[in-house]
1. Quick one: in region 38-59, of everything that is within 12 Å of the ligand (Cβ to nearest atom) and either charged (D, E, K, R) or within 25 Å of Gly234 (Cα to Cα) (or both), which residue is surrounded by the most Cβ atoms within 10 Å (Cβ to Cβ)?
2. Could you identify the single residue in Ile131, Ile94, Ile126 that is part of a helix (DSSP H, G or I) and surrounded by fewer than 21 Cβ atoms within 10 Å (Cβ to Cβ)?
3. Which residues, counting only those in region 210-226, are under 17 Å from Ala28 (Cα atoms) and more than 16 Å from the ligand (Cβ to nearest atom)?
4. Does Ala72 satisfy being surrounded by fewer than 21 Cβ atoms within 10 Å (Cβ to Cβ), among the aliphatic types (A, V, I, L, M) and over 20 Å from Ile221 (Cβ atoms)?
5. Please determine whether any residue of region 231-242 is under 20 Å from Phe27 (Cβ atoms), assigned to a helix (DSSP H, G or I) and in contact with an Asp or Glu (Cβ under 9 Å, 6 or more places away or on another chain).
6. Does Ala23 satisfy being crowded, with 24+ Cβ neighbours inside 10 Å and in a helix (DSSP H, G or I)?
Amino acid sequence: MDLGLAGQVAVITGAAGGIGKTAALSFAGEGARVVVWDQDMQTVEQVAAEIKDHGGEAMGVAGSVASSADVARVVDQIRAHFGTVHVLINNAAINDDAPVTAMTDAQWDRVVDVNLKGPFYCARAIAPLMIAQNYGRIINISSRSHLGELNRANYVSAKAGLLGLTRSLAMELGPHQVTVNTIAPGMVSTERVRSNPNYADFLERAMARQHIKREAQPDDIVNAMLMLASATSGFITGDLIYVSGGRLT
Ligand SMILES: NC(=O)c1ccc[n+]([C@@H]2O[C@H](COP(=O)([O-])OP(=O)(O)OC[C@H]3O[C@@H](n4cnc5c(N)ncnc54)[C@H](O)[C@@H]3O)[C@@H](O)[C@H]2O)c1
């Protein structure tokens, strides 16, 4: 099936590793011109070079999504290089876990700034380009854990907040043919997750609660991104898709 992504400009935040890197390579494989956005220039250049080596088109950009000044600068760079943006995937995120009684102001702010303010800053800066061309796709990567999780009040609150951001932006941008949706992954096998000291426990719990009894791979999430980003998905907006093998709790 032709997803209609050839020639489109797809901006992917947090694209130096994990799910974001897989997304960058897959969107390039569909013929999209990919903006590989992460914090460190060297790593984004590596991913962009990998795309170019496979005959794709990409640019690497470095900056923190949690800084409105960085976001404005990066979006200026993207506009200068590619002219516009068709797809924005708000994928960059961090976690910094602690029980609520021990969580510091800084821990709360850092996680909410990257995971919730970041998507707002990026959508605010890029939406005018989408409105101007009367077309766009914004995909916010939340988490199944927006439903609640121990010792992660900052992460969970930010990921739950993304659902409200999605629904509000869908209302505001719908008249301009810009769709806005959320994906809520369950546990996905990325380097960050596999290197967690509690990885074995996480996996055991996931296997007990998922209906599909296998570990999710980044491609499982990226396939949902491709579907929502497709030109054929223009009537899906304000929605939430769980990609969690059926797991909710
Ligand atoms: N892996 C999972 O099990 C899982 C589960 C549910 C949801 N998710 C979500 O999926 C997305 C990708 O997760 P992942 O496991 O690939 O994570 P990851 O840690 O492997 O990748 C996240 C990327 O975001 C980048 N990043 C962090 N802060 C940034 C900032 N301020 N500005 C720009 N880039 C920044 C990091 O450098 C990193 O490359 C995240 O939104 C995460 O919350 C992941």
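1. Only one residue fits best here, namely Asp38.
2. On the way: Ile94 fails: part of a helix (DSSP H, G or I); Ile126 fails: surrounded by fewer than 21 Cβ atoms within 10 Å (Cβ to Cβ).
Going through Ile131, Ile94, Ile126 in turn, just one is part of a helix (DSSP H, G or I) and surrounded by fewer than 21 Cβ atoms within 10 Å (Cβ to Cβ): Ile131.
3. Correct list: empty.
4. Working: surrounded by fewer than 21 Cβ atoms within 10 Å (Cβ to Cβ): yes; among the aliphatic types (A, V, I, L, M): yes; over 20 Å from Ile221 (Cβ atoms): yes.
Against the criterion (surrounded by fewer than 21 Cβ atoms within 10 Å (Cβ to Cβ), among the aliphatic types (A, V, I, L, M) and over 20 Å from Ile221 (Cβ atoms)), Ala72 qualifies.
5. yes
6. Values: crowded, with 24+ Cβ neighbours inside 10 Å: yes; in a helix (DSSP H, G or I): yes.
When the stated conditions are applied, Ala23 passes them.
A quick yes/no check of all residues on (1) near the ligand (Cβ under 9 Å from one of its atoms); (2) part of a helix (DSSP H, G or I):
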{"residue": "Ser145", "(1), (2)": "yes, yes"}
{"residue": "Leu150", "(1), (2)": "no, no"}
{"residue": "Ser168", "(1), (2)": "no, yes"}
{"residue": "Asn181", "(1), (2)": "no, no"}
{"residue": "Val193", "(1), (2)": "yes, yes"}
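For every residue, the table says whether it meets (1) within 19 Å of Ile89 (Cα to Cα); (2) without any contact (Cβ under 8 Å) to a residue 40 or more places away in the chain; (3) aliphatic (A, V, I, L, M).
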{"site": "Thr179", "(1), (2), (3)": "yes, no, no"}
{"site": "Ile183", "(1), (2), (3)": "yes, no, yes"}
{"site": "Ser189", "(1), (2), (3)": "no, yes, no"}
{"site": "Val193", "(1), (2), (3)": "no, yes, yes"}
{"site": "Asn198", "(1), (2), (3)": "no, yes, no"}
{"site": "Leu203", "(1), (2), (3)": "no, yes, yes"}
{"site": "Ile212", "(1), (2), (3)": "no, yes, yes"}
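Read-outs: derived from the displayed coordinates by stated rules, not from any lab. Just so you know, these numbers come straight off a predicted model, no measurement behind them. Here Cβ is always computed from backbone atoms with ideal geometry, including for glycine, and neighbour counts include all displayed protein chains.
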